[in-house]
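S.K.: Here it is: the structure, laid out below.
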Amino acid sequence: MGATAHIDFIAAAYAAAVIIIGALIAWIAVDYRMQIHTLAELDEQGVARRSATSRTERAIEQAKAAADAKAKGRA
Amino acid sequence: MPLIDLANPTRFLRLANQTIPWLGGVTLIVFAFGIDQAMIAPDDYQQGATVKIMFIHVPSAWLGMLGWGLMSAAALGTLVWRHPLADVTAKAAAPIGAAFTLLCLVTGSLWGRPEWGTYWVWDARLTSELILFLLYLGVIALWRTVDDPSRAARAAAILTLVGAVDLPIIKFSVDWWNTLHQGASVFRLGGSTIYPTILIPLFIMAVAFTLLFATLLLAAMRNEILRRRVRTLHLMQANAVN
């Protein structure tokens, strides 16, 4: 049997592999970009997980709250 | 890094970000080498050039089954140990396993037409492989139907463990029943019946496909962790508004 016999079936099988695996890779890549984009949008809106808020930011917030309370107390 | 540290999603994300580009690069190199070896491999004395379909059909079949095996192990992790990454692994592996199973069915069909004279026959091997594909679709649908990830994880874990019965049926179908599909020829008692000039390229392609599976799984797990973070943030946002 020659190398070119049934070449159409061999080509179709490899094309199917490229299409199915290519679609899978593209879907995973697009999904990743979408998640990163949504997280960036939420970050811009100031929505953050408690565990993601840095200690420094929390310390600044606490210091501000304490300063406000003192100022109210004097008034 | 101790293995237990990977249970922490943040540490896992850091490791995945570092690993995915390298693993992807190695996958590409092994694939290039494997395809080169597959193309120069000699034709089979009976099947001729159509044996080249084997280099994608057989690794896809192995990975379709490996995917469900991995999901079954993850299902135990969800139900028994409640491991934080177990259901993430199971959910991420489902579409990848489904894609490899579909590729196995399509390439098998394209191989069957010139060899058997038909694209499809309802023999035990082909039917049990089709059932595996339908089980994958069922699990994916279940994940999408239930909104709460932890509830969806438990339901999907049970379906996965029930579906795992299909794996030995696929493997031994050619021994238990009279099938048009050939019997085991790679992993069998008494050694492989495939000549090394074809067997070695097959193993290289199997390694390439496995590396691809691992890369895609890591990337899909990363996506799933990020999706859960987005969900948590949306819930926090909704609570803040209320």
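S.K.: What are the residues in the stretch B:143-180 that are of a type in the set (S, T, N, Q), at pLDDT below 95 and within 17 Å of the chain's Cα centre (by Cα), if any?
M.R.: Matches in the stretch B:143-180: none.
S.K.: Right, here's the next one. Enumerate the pairs (first residue in the stretch A:1-30 and over 21 Å from B:Pro59 (Cα atoms) and exposed (fewer than 12 other Cβ atoms within 10 Å of the Cβ); second residue anywhere and of a type in the set (A, V, I, L, M) and at pLDDT below 95) with beta-carbon separation below 8 Å, excluding pairs fewer than 6 apart on the same chain, so at least 6 apart or on different chains.
M.R.: A:Gly2/B:Ala49; A:Thr4/B:Ala49
S.K.: Something else: Looking for whichever is at pLDDT below 95 and surrounded by 19 or more Cβ atoms within 10 Å (Cβ to Cβ) here; the options are B:Gly108, B:Gly112, B:Gly183, B:Gly117. Which one fits?
M.R.: Answer to the check: B:Gly112.
S.K.: Next question, about the same structure. Determine whether the stretch B:78-85 contains at least one residue that is part of a loop (DSSP other than H, G, I, E, B) and within 14 Å of chain A (Cβ to nearest Cβ).
M.R.: Yes - at least one qualifying residue is present in the stretch B:78-85.
S.K.: So B:Ala208 ticks every box in (1) more than 24 Å from B:Asp44 (Cα to Cα); (2) within 14 Å of another protein chain (Cβ to nearest Cβ) but one. Which box is left unticked?
M.R.: Tallying (1) more than 24 Å from B:Asp44 (Cα to Cα); (2) within 14 Å of another protein chain (Cβ to nearest Cβ), B:Ala208 fails exactly one: (1).
S.K.: Select from the stretch B:66-85 the residues that are crowded, with 22+ Cβ neighbours inside 10 Å and within 16 Å of the chain's Cα centre (by Cα) and write down the one among them that is farthest from B:Leu211 (Cα to Cα).
M.R.: B:Ala75
S.K.: For the stretch B:17-56, give me the residue count where each residue is over 20 Å from B:Ala214 (Cβ atoms), part of a helix (DSSP H, G or I) and within 12 Å of another protein chain (Cβ to nearest Cβ).
M.R.: Residues that pass the stated criteria total 9.
S.K.: For the stretch B:121-142, name all the residues that are of a type in the set (A, V, I, L, M, F, W, C) and within 14 Å of chain A (Cβ to nearest Cβ). Give the steps one after another, and end with the answer.
M.R.: Initially, the stretch B:121-142 is screened for residues of a type in the set (A, V, I, L, M, F, W, C), giving B:121-122, B:124, B:126, B:130-135, B:137, B:139-142.
Once the filter is applied, which keeps residues that are of a type in the set (A, V, I, L, M, F, W, C) and within 14 Å of chain A (Cβ to nearest Cβ), the stretch B:121-142 yields B:Phe133, B:Ile140.
S.K.: Quick test of your reading of the structure: B:Thr215 fulfils all but one of (1) within 14 Å of another protein chain (Cβ to nearest Cβ); (2) exposed (fewer than 14 other Cβ atoms within 10 Å of the Cβ). Name the failing condition by number.
M.R.: Checking B:Thr215 against (1) within 14 Å of another protein chain (Cβ to nearest Cβ); (2) exposed (fewer than 14 other Cβ atoms within 10 Å of the Cβ), the one that fails is (2).
S.K.: In the stretch B:30-67, which residues are within 17 Å of A:Val18 (Cβ to Cβ) and either in contact with a Ser or Thr (Cβ under 6 Å, 6 or more places away or on another chain) or among the basic types (Lys, Arg) (or both)?
M.R.: B:Lys52, B:Ile53, B:Ile56, B:His57
S.K.: What is the number of the single condition among (1) modelled with pLDDT under 85; (2) assigned to a helix (DSSP H, G or I) that B:Leu13 does not meet?
M.R.: B:Leu13 satisfies every listed condition except (1).
S.K.: Being at pLDDT 85 or above and away from chain B (no Cβ under 11 Å) is true for just one of A:Ala40, A:Ala26, A:Ala66. Which residue is that? I'd like the intermediate steps shown before the answer.
M.R.: Values: A:Ala40 fails: away from chain B (no Cβ under 11 Å); A:Ala66 fails: at pLDDT 85 or above.
Only one candidate qualifies: A:Ala26.
The values are calculated or read from the model by the stated rules, or taken from the named source; none is laboratory data. What you are looking at is a predicted structure, and each value in this text was computed from that prediction instead of being measured. Cβ: placed from backbone, ideal geometry, glycine included. Neighbour counts: every protein chain shown.
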